[in-house]
Structure formats: structure tokens, C-alpha cells
Amino acid sequence: MPHRVVVLALDGVIPLDLGIPARVFNGARGPDGAPLYSVSTCSLGGRPVRTSEDFRIVVDHDESLLETADTVVIATQEPEERLVATGRLPEDVAAALDRIPPRARVVSLCTSAFLLAAAGLLEGRRATTHWALCDLFARLFPGVDVDPDVLFVDNGRILTSAGGAAGIDLCLHLVRLDHGAAVAGAAARRCVVAPWREGGQAQFIEHPVPEDADRSTSATRQWALDR
């Protein structure tokens with residue numbers, strides 16, 4: 001049977017990030033071309049999900065689907081005001097996370113690491129999230145060792161990723177763990193993405209181009225920027 005991945009979509013979900021698990025895991029195929037994963041999406045109560053953009057997404061399953069998962073992925077959701085103020089989960093979200101089987105892997109994409117931390121799943125562990133919110137994360141959850149300089153962190157059962165496309169890196173990492181580099185590489189080709197970026201690679205935080213005119217390459221750099 002294919003490994004069952006259940007994606008939890010909550011209000012405020014970022015649409016691009018919500019699609020990452022299905023895009024990557026559905027690209028992983030066995031030697032006979034059969035899918036190695038099945039990916040399903042659920043929401044609280046099976047209700048339509050309000051995204052971070054100007055549309056909603058219809059979801060076919062409710063949170064009871066989490067009980068069937070081999071891997072749960074919580075799609076990126078911007079931390080809501082109550083969570084930022086108190087470090088506590090809404091009761092309905094906490095109840096949903098309690099339905100995850102103890103054997104299942106739990107994966108957060110980007111800022112959904114806040115949900116895992118509030119649920120106590122990251123206490124005493126190393127984790128990451130979007131670099132712009134790492135300071136806030138550290139203040140809210142001092143018991144978590146937050147690392148702003150990596151693309152993802154693998155703690156075995158609990159895994160966290162940094163912002164945006166780092167979710168692709170983490171999903172490919174899981175395919176590689178489960179089925180080897182060849183299968184992960186083929187899945188990456190289907191997605192037309194790099195098959196491997198080191199998990200320890202620094203997040204792409206903005207750094208200004210040096211403006212030291214005395215350096216020998218300054219004229220060349222200015223020529224390139226102008227064109």
C-alpha cells in the first residue's frame with residue numbers, strides 16, 4: 001500500500017505551500033510506475049479553507065483523516081494573533097493534532113512550526129521556520145532550539161522546514177529517506193526542481209551587494225547591474 005500522506009489545511013494557508021506535498025510525493029514512483037504515496041488534504045470540519053489570498057479552497061475531508069496518516073504535513077499558515085500573544089493553540093486545532101497517531105511523522109512547512117511548538121511537539125528539539133520570524137519564535141518558545149540558518153531540520157519523527165521552497169527540499173528529503181536517491185531524483189525532475197540542496201544551507205536572507213568602489217570588480221558589477 002502507498003505511504004499515506006495527510007495534509008492539514010487551516011484558515012490563512014498559503015496556496016503555493018499547500019500544493020507542495022502533493023506535487024512532490026505524487027511524483028515519487030516505483031520501478032513499475034506505481035505511486036509510492038497517496039496524498040489527501042483535510043480541514044477542520046471538512047469546511048472550505050480561507051487562503052492567504054483572495055479565494056477559498058474546497059476540501060473533501062475533515063480532521064478524522066489524520067488518524068489514518070503515515071505522515072502528516074501541516075501546510076504553511078501565518079501565526080494568528082492569539083497564538084502570537086499567548087503561545088497557545090486554538091482548541092479546535094489542538095484537538096485535531098491530538099488525532100495524529102503516535103507512529104506518524106509530523107512535518108511543518110514554514111511558519112506552521114509555530115503550531116507544532118505550541119502543541120509541545122518541539123520542546124527540547126532543534127527546529128526552523130521562516131528566517132523573518134525566528135526571533136519571535138524563540139521568544140515565544142524558549143524551550144525550542146530554533147535555527148534560522150538551515151532549510152530544514154530532521155528530528156526523526158518531527159521535521160520542520162524554512163520558508164517557501166524549503167518545503168520542497170524537505171519533502172524530497174523524505175522521499176530520499178523512504179526510497180533512495182534515484183526515486184527522489186526522478187520526483188525532482190518531474191517537478192523541475194533541484195534534486196538536492198543541503199539541509200544546512202543558509203536561508204536566502206537578503207544581503208546587499210557591496211558598494212566598495214575600490215575593489216577591482218566594482219566596475220564589472222555595476223555594468224552587470226545596469227544591464
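For segment 58-72, which positions are in contact with a strand residue (DSSP E or B) (Cβ under 7 Å, 6 or more places away or on another chain) and assigned to a helix (DSSP H, G or I)?
Correct list: GLU63, LEU65, LEU66, THR68.
I'd like the full set of residues that are among the aliphatic types (A, V, I, L, M) and closer than 19 Å to PRO48 by Cα, limited to segment 2-19.
Those that are among the aliphatic types (A, V, I, L, M) and closer than 19 Å to PRO48 by Cα: VAL6, VAL7, LEU8, ALA9, LEU10, VAL13, ILE14, LEU16, LEU18.
Would you mention how many residues in segment 191-217 are surrounded by 14 or more Cβ atoms within 10 Å (Cβ to Cβ) and either at pLDDT 80 or above or among the hydroxyl-bearing types (Ser, Thr, Tyr) (or both)?
Going through segment 191-217 one residue at a time, the tally reaches 3.
Would you say ALA187 is at pLDDT 90 or above, assigned to a helix (DSSP H, G or I), closer than 26 Å to VAL5 by Cα and open to solvent by less than 20 Å² (accessible area, probe 1.4 Å)?
Criteria met by ALA187.
Give the number of residues within segment 155-187 that are free of Cβ contacts under 8 Å to residues at least 60 places away in the same chain and over 12 Å from the mean Cα position of the chain (by Cα).
Summing the residues that are free of Cβ contacts under 8 Å to residues at least 60 places away in the same chain and over 12 Å from the mean Cα position of the chain (by Cα) in segment 155-187 gives 9.
In this structure, does ASP54 turn out to be open to solvent by 20 Å² or more (accessible area, probe 1.4 Å) and at pLDDT below 95?
Yes: the conditions hold for ASP54.
Quickly run through segment 20-49 and pick out the residues that are out of contact with any Cys (no Cβ under 8 Å at 6 or more places or on another chain) and either more than 18 Å from HIS61 (Cα to Cα) or modelled with pLDDT under 95 (or both).
Across segment 20-49, the qualifying residues are ASN26, ALA28, ARG29, GLY30, PRO31, ASP32, GLY33, ALA34, PRO35, LEU36.
Select the helices (runs of 4 or more DSSP H) contained entirely in segment 80-134, then report the ones holding at least 3 residues which are open to solvent by 50 Å² or more (accessible area, probe 1.4 Å) and farther than 17 Å from ILE14 by Cβ.
Once the helices (runs of 4 or more DSSP H) in segment 80-134 are filtered for at least 3 residues that are open to solvent by 50 Å² or more (accessible area, probe 1.4 Å) and farther than 17 Å from ILE14 by Cβ, what remains is 81-86, 91-97.
Select from segment 31-53 the residues that are part of a loop (DSSP other than H, G, I, E, B) and either within 18 Å of ALA69 (Cβ to Cβ) or free of Cβ contacts under 8 Å to residues at least 40 places away in the same chain (or both) and list them in ascending order.
Passing the criteria: PRO31, ASP32, GLY33, ALA34, LEU36, SER43, ARG47, PRO48, GLU53.
List, please: which pairs have Cβ atoms under 8 Å, are six or more places apart or on different chains, and start with a residue in segment 6-29 that is without any contact (Cβ under 8 Å) to a residue 24 or more places away in the chain and end with one that is among the aromatic types (Phe, Trp, Tyr)?
Taking only residues 6 or more apart or on different chains, the pairs are ASN26/TYR37.
Is it the case that GLY19 is outside any strand (DSSP E or B), at positive phi and open to solvent by less than 40 Å² (accessible area, probe 1.4 Å)?
no
The values are calculated or read from the model by the stated rules, or taken from the named source; none is laboratory data. Nothing here was measured: the structure is a model prediction, and the numbers come from that model. Neighbour counts are summed over all protein chains in view; Cβ atoms, including those assigned to glycine, are modelled from backbone coordinates with ideal geometry. We work out accessible area using only protein heavy atoms, side chains counted, and drop any ligands, DNA or RNA first. Shrake-Rupley method; radii C 1.70, N 1.55, O 1.52, S 1.80 Å.
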